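Here the structure comes first, spelled out in C-alpha cells, and everything after it is commentary.
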C-alpha cells in the first residue's frame, strides 16, 4: 500500500514545482521575453486564479474517471506544458503554457489525496495525505531553489525543459507501478457533489481556508524582501533562509498529519495561534540570530502544517464527496494567495514592510474566531 502513495507523492513534487518554480525565474523570463517584472508576474496570478476558478468543476467532472489513467494523463499534460514553456517565443505563448497545468493541478492534488485516503482508510487520512504532502513540501524546499540554480547556470528555459523530462518520466513510473483501481466505479454524480455547497458549515470551512491562506501570503509573498531590506541579508543568505523555512516545514507536515486526524478544527486553531506568534515576532527579532531563527522556525512549521490541515479538514467535512471538498480547499487557498499578495502590497505602500506581520496576523486571528464558530455547528446531512 505504501508504494502507490510514494509514487503519488513523487508526482506531486513535479506538479507543485511546476506551479512555484516560476517565482525564482521571473526576472530572467521578463528580460528574455521583453516584458516588465509586473507583466511577467501576471503569469503567477493567471495560474492561481485559474486554479481557483476551474478547480472544483474539473475535479467534480473527472472524479468518475479511473485514477491511474487520469494521473498519467495529467503528468503527460504537465510535460507538454513545460515543453511549451521552454520554447515560448513571447509572453502570450508562455501564458498558454501556464494555463494548461493550472487546469490539471487541482484535479491531481484533490484526487491523489482522495486515492491515498481510500488506500489507508479515513482514520489515517491525515497521515496518508502527509505522505502526499511530503512531495509538495519538498517542491518548496528543493524544487524552487534548484530550478533557480539551473536557470542561473543554463538559462530559465532549461529549467522548464528538465521539469518536462521529469514529468514524462514520472508518468512512465505511474504506468508501470501504479495499480488500476475500481474504488470509484460508484462515484456520485457531478450534480450531487455540488450539493455539499448547500451546507453553511461547508461554506464556513471554505471561508476558513481563504482566510488562513490570505494571512499566510500577506507576509510570505514578501518574506525575501523582508530579509533583504530589513535584516540586510544578501541574496545568498536570503536563499538559505528560505530553504531553511521550507525545510522545517517537513516537521510541520508530520505534526499536522497527526493532529488533523484527532480533531481538524482544534488542529487548525492551534497552528494558527502559533503562526501569529511567529509572524508578529519576526520583525522585532530581525537583528537577533536566535530570535530570527526561532520566529522563522515557528512560522515555517505552522505554515506547512496548515497546508495539510486545511486540506484534510475539508475532506473530513464532506466524506460523501472528499475529492470535490479538497478541490474547494485548493480553490480557496489560491484565492487567499492572490488576496494576501495584494493586501501585503498595499500594506508595504502604506505602512512599510514592518507592518506585514501584523496585517497577516489579523487574517489569522479572524481565522481562529471563525474556527471557534464552526466548532459550535454540527454537520448537516446532504442528500445525494
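Using R₀ = 35 Å, calculate the FRET efficiency as 1/(1 + (r/R₀)^6) where r is the Cβ-Cβ separation of residue 201 and residue 65; round to 0.05.
Details: r = 29 Å, r/R0 = 0.82.
E(calc), rounded to 0.05, equals 0.75.
Using only helices, what value at 222 nm comes out for the chain when you add -39,500 (n - 2.57) per DSSP H run of length 4 or more and divide by the total residues, to the nearest 500 deg cm²/dmol? Numbers along the way, then the final one.
On the way: 16 runs with 311 residues, N = 384.
For the chain, the value works out to -28000 deg cm²/dmol.
Given contacts defined as C-alpha pairs under 8 Å and at least six residues apart, what's the relative contact order of segment 190-375, whole-number percent? Spell out each step's value before the answer.
Details: 269 pairs, mean separation 76.3, N = 186.
In percent, rounded to a whole number, it is 41.
Given that compact globular proteins tend to follow 2.2 N^0.38 Å, what is the ratio of the alpha-carbon Rg of segment 1-180 to that value? Before the final figure, lay out the partial values.
On the way: Rg = 16.1 Å, N = 180, 2.2 N^0.38 = 15.8 Å.
Compared with the compact-globule rule of thumb, segment 1-180 sits at 1.02.
So what's the projected area for segment 1-99, the Cα convex hull averaged over all directions, in nm²? Please report the intermediate quantities before stating the final value.
Working: hull surface 27.9 nm².
The orientation-averaged projected area of the Cα hull of segment 1-99 comes to 7.0 nm².
Counting only the backbone N, which residues of segment 207-247 are under 19 Å from the spot 7 Å out from the Cα of residue 149 toward its beta-carbon?
234-247
By what distance, in whole Å, do the Cα atoms of segment 38-93 stretch along each of the three principal axes, largest value first?
38, 23, 11 Å, listed from the longest principal axis down.
Computed FRET efficiency, Cβ-Cβ of residue 351 and residue 243, R0 22 Å: what is it to the nearest 0.05? Don't jump to the answer; show the numbers that get you there.
Working: r = 28 Å, r/R0 = 1.29.
My answer for the efficiency is 0.20.
Compute the Cα gyration tensor for segment 190-375, then decide on rounded, prolate or oblate, letting a ≥ b ≥ c be the square roots of its eigenvalues: rounded whenever a/c is under 1.5, prolate when a/b is larger than b/c in the other cases, and oblate in all that remain.
On the way: a/c = 2.24, a/b = 1.82, b/c = 1.23.
Verdict is prolate for segment 190-375.
Kirkwood Rh and Cα-based Rg: tell me the resulting Rg over Rh for segment 309-352, rounded to two decimals. Please list the in-between numbers first.
Values: Rg = 14.7 Å, Rh = 11.7 Å.
Rounded to two decimals, Rg/Rh equals 1.26.
Normalised by the residues of the chain, what does the relative contact order come to in percent, with Cα pairs under 8 Å and at least six apart? Mind showing how you got there, number by number?
Working: 625 pairs, mean separation 98.7, N = 384.
Once divided by the residue count of the chain, the mean separation gives 26 percent.
Can you tell me which of 358, 213, 78 moves the most in a GNM of the chain? Springs connect C-alpha atoms under 10 Å apart.
Result for the chain, Cα springs under 10 Å: 358 fluctuates most.
The chain: Rg/Rh from Cα coordinates, Kirkwood Rh? Before the final figure, lay out the partial values.
Details: Rg = 19.9 Å, Rh = 20.9 Å.
Here Rg/Rh amounts to 0.95.
Once you have a ≥ b ≥ c as the square roots of the Cα gyration tensor eigenvalues for segment 274-384, tell me rounded if a/c is under 1.5, and otherwise prolate or oblate according to whether a/b is larger than b/c. Intermediate results must be reported in sequence, preceding the final value.
On the way: a/c = 2.48, a/b = 2.03, b/c = 1.22.
In terms of gyration-tensor shape, prolate.
Within segment 203-224, list the residues whose amide N lies under 20 Å from a label point set 7 Å along Cα→Cβ of residue 365.
Flagged as within label range: 208-220.
Can you figure out the FRET efficiency of residue 258 with residue 173, using R₀ = 22 Å and their beta-carbon distance, to the nearest 0.05? Can you show the working numbers first?
Values: r = 29 Å, r/R0 = 1.30.
According to the calculation, E is roughly 0.15.
What distance in nm separates the simple spin-label points at residue 49 and residue 294, each placed 7 Å from Cα in the Cβ direction?
Those two pseudo-labels are separated by 4.2 nm.
For segment 1-180, what does the relative contact order come out to in percent, with C-alpha contacts under 8 Å and a separation of six or more?
Values: 223 pairs, mean separation 76.1, N = 180.
Normalised by residue count, the contact order of segment 1-180 is 42 percent.
Since every read-out is calculated from the coordinates, none of them should be taken as a lab result. Since the structure is predicted, the reported quantities are computational estimates derived from the model, not experimental observations. We place every Cβ from the backbone using ideal geometry, glycine too, and count neighbours over all the protein chains shown.
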